[in-house]
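Asker: My structure is below; once you've seen it, I'll send some questions.
The values are calculated or read from the model by the stated rules, or taken from the named source; none is laboratory data. Model, not experiment: these values are computed from the prediction. Because the Cβ atoms are built from the backbone with ideal geometry, glycine has one as well, and the counts that use them run over all protein chains shown. Please note that ligands, DNA and RNA were not included when accessible areas were found on the heavy atoms of the full protein model with its side chains. Shrake-Rupley method; radii C 1.70, N 1.55, O 1.52, S 1.80 Å.
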Amino acid sequence: MSIPQAPMPLCQSAFSQLLIIDAQERLAAAMPPDDLTTSVANMNRLITVARILELPIISTEQYPKGLGKTLEQIRENLPSTAGPTEKTSFSCCTASGFERALTSQPERKQVVLVGMEAHICIVQTASGLQRWGYQVFVAADAICSRQPAHRDNALERMRHSGIHVTNTESVTFEWVGDSSHAKFREVSQLFK
């Protein structure tokens, strides 16, 4: 007799928020160029979709004095309400002020993570959010690490810990949910 499993959760726009973790200048300079190009493009796609669908967007910066600001090509797409929470802790969950930004809309218990570095700040934040009772989704094509093997290891660890590893296009079309959605055409153009 097989044990019934809970259905796979999908991202729902009414319950989601997007978190951009430490997509900063000096971190970006250390990333493999192709991985950086892909992850930044996908971060921007998700930011654009979140803005179109009016989802909350949160961002963080790890020690900006040393690691610089959020990349300009990301920063220019962020709404003014997504000013970064500065931190020195690796997990966003232990950064002063982060919880207030996250819980400003308590019904939004799904958090989609993107950013840098997968094996440090993203994995530690995913774990912290999970402990706080959030459903955590990581867009694998919108994260990177200096070493691709470290990114792959982080994704494997998160999968085995109940974090939902997904991708930019899946998140987008789960948020939209139906081709009859009023914003479907506008959103789908981002993937052509």
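Asker: At what distance in nm do the modelled label points of Thr37 and Val165 sit from each other, each positioned 7 Å from its Cα along Cα→Cβ?
Answerer: Once both label points are built, they end up 2.4 nm from each other.
Asker: Convert each backbone phi in segment 26-32 into a coupling constant with the Karplus relation 6.51 cos²θ - 1.76 cosθ + 1.60 (shift: θ = phi - 60°), then list the ³J(HN,Hα) values in order as whole Hz, x for Gly and Pro.
Answerer: 6, 5, 4, 5, 8, 7, x
Asker: Apply the Debye scattering formula to segment 1-68, with a single equal point scatterer on each alpha-carbon and no solvent, then give log10 I(q)/I(0) at q = 0.19, 0.29 Å⁻¹.
Answerer: -0.85, -1.24
Asker: Nothing charged except the Cβ atoms of Lys and Arg (+1) and of Asp and Glu (-1): what's the magnitude of the dipole of the chain about its Cα centre? Round to the nearest 20 debye. Write down the numbers at each step before the final one.
Answerer: Working: 18 positive and 19 negative charges, 53 e Å.
Roughly 260 debye, rounded to the nearest 20.
Asker: Another one. Charges only on Cβ, +1 for Lys and Arg, -1 for Asp and Glu: so what's the dipole of segment 54-93 about the Cα centre, in debye to the nearest 20?
Answerer: Values: 4 positive and 5 negative charges, 38 e Å.
Charge dipole of segment 54-93: 180 debye, to the nearest 20.
Asker: Something else: Any idea of the accessible area per residue across segment 127-177, 1.4 Å probe, to the nearest Å²?
Answerer: Details: 2380 Å² over 51 residues.
Using a 1.4 Å probe on heavy atoms only, each residue of segment 127-177 averages 47 Å².
Asker: Mind checking the per residue accessible area of segment 1-78 for me, 1.4 Å probe, whole number of Å²? Numbers along the way, then the final one.
Answerer: Working: 4080 Å² over 78 residues.
Here the residues of segment 1-78 average 52 Å² of exposed surface.
Asker: Still on this structure: Computing the accessible area with a 1.4 Å probe over protein heavy atoms, can you report the carbon and sulfur percentage for the chain? List each step's numbers first, then the result.
Answerer: Numbers: 4850 of 9760 Å².
Percent of accessible area from carbon and sulfur atoms in the chain: 50.
Asker: Next question. Under 5 Å between amide hydrogens, which residues at least 5 positions from Glu86 or on another chain qualify, with H placed 1.01 Å from N in the peptide plane?
Answerer: Amide H to amide H, under 5 Å and 5 or more residues apart or across chains, Glu86 pairs with Glu61.
Asker: Please give the charge dipole size of segment 73-116, origin at the Cα centre, charges +1 on K and R Cβ atoms and -1 on D and E Cβ atoms. Round to the nearest 20 debye. Intermediate results must be reported in sequence, preceding the final value.
Answerer: Details: 5 positive and 4 negative charges, 13 e Å.
Dipole about the Cα centre, nearest 20: 60 debye.
Asker: Going by average Cβ neighbours within 10 Å, how do the peptides 59-69, 173-183 rank, with the highest at the top? Walk me through the intermediate numbers first.
Answerer: Working: 59-69: 17.6, 173-183: 14.4.
Descending packing order for the listed peptides: 59-69, 173-183.
Asker: For Asp141, list long-range residues whose amide hydrogen, built 1.01 Å from N in the peptide plane, is under 5 Å from its own amide hydrogen.
Answerer: For Asp141, whose amide H was placed from the backbone, the distant partners under 5 Å are Thr168.
Asker: Could I ask something else about it? Taking square-rooted eigenvalues a ≥ b ≥ c of the alpha carbon gyration tensor, is segment 98-192 rounded, prolate or oblate, where a/c under 1.5 means rounded and, failing that, a/b exceeding b/c means prolate?
Answerer: On the way: a/c = 2.22, a/b = 1.32, b/c = 1.68.
Since a/c reaches 1.5 but b/c is at least a/b, the shape of segment 98-192 is classed as oblate.
Asker: Whole-Hz Karplus ³J(HN,Hα) for segment 85-90, in order, using 6.51 cos²θ - 1.76 cosθ + 1.60 and θ = phi - 60°, x for Gly and Pro?
Answerer: 7, 7, 8, 10, 6, 6
Asker: For a quick check: with amide H placed at 1.01 Å from N, whose amide H comes under 5 Å from Gln24's, ignoring anything fewer than 5 positions away on the same chain?
Answerer: Under 5 Å from the amide H of Gln24: Leu71.
Asker: Say R0 is 35 Å: what FRET efficiency, to the nearest 0.05, do Gln147 and Asp178 get from their beta-carbon distance?
Answerer: Numbers: r = 40 Å, r/R0 = 1.14.
With a Förster radius of 35 Å, E is 0.30.
Asker: Considering only DSSP beta bridges with both partners in the chain, what is the antiparallel share in %, to the nearest 5? The partial results should precede the final answer.
Answerer: Details: 1 of 23 bridges.
Rounded to the nearest five, the antiparallel share is 5 percent.
Asker: Relative contact order for segment 18-97 using alpha-carbon pairs under 8 Å, separation at least 6, rounded to a whole percent? Working shown, then result.
Answerer: Values: 96 pairs, mean separation 30.3, N = 80.
Once divided by the residue count of segment 18-97, the mean separation gives 38 percent.
Asker: So, one more: Based on the mean of other beta carbon atoms within 10 Å per residue, what is the order of 47-58, 152-163, 13-24, most packed first?
Answerer: Working: 47-58: 18.8, 152-163: 15.7, 13-24: 23.4.
Listed from highest to lowest mean packing, they are 13-24, 47-58, 152-163.
Asker: Still on this model: Quick check on the chain: take the gyration tensor over C-alpha atoms, sort the square-rooted eigenvalues as a ≥ b ≥ c, and tell me if it's rounded (a/c under 1.5), prolate or oblate.
Answerer: Values: a/c = 1.35, a/b = 1.16, b/c = 1.16.
Since a/c stays below 1.5, the shape of the chain is classed as rounded.
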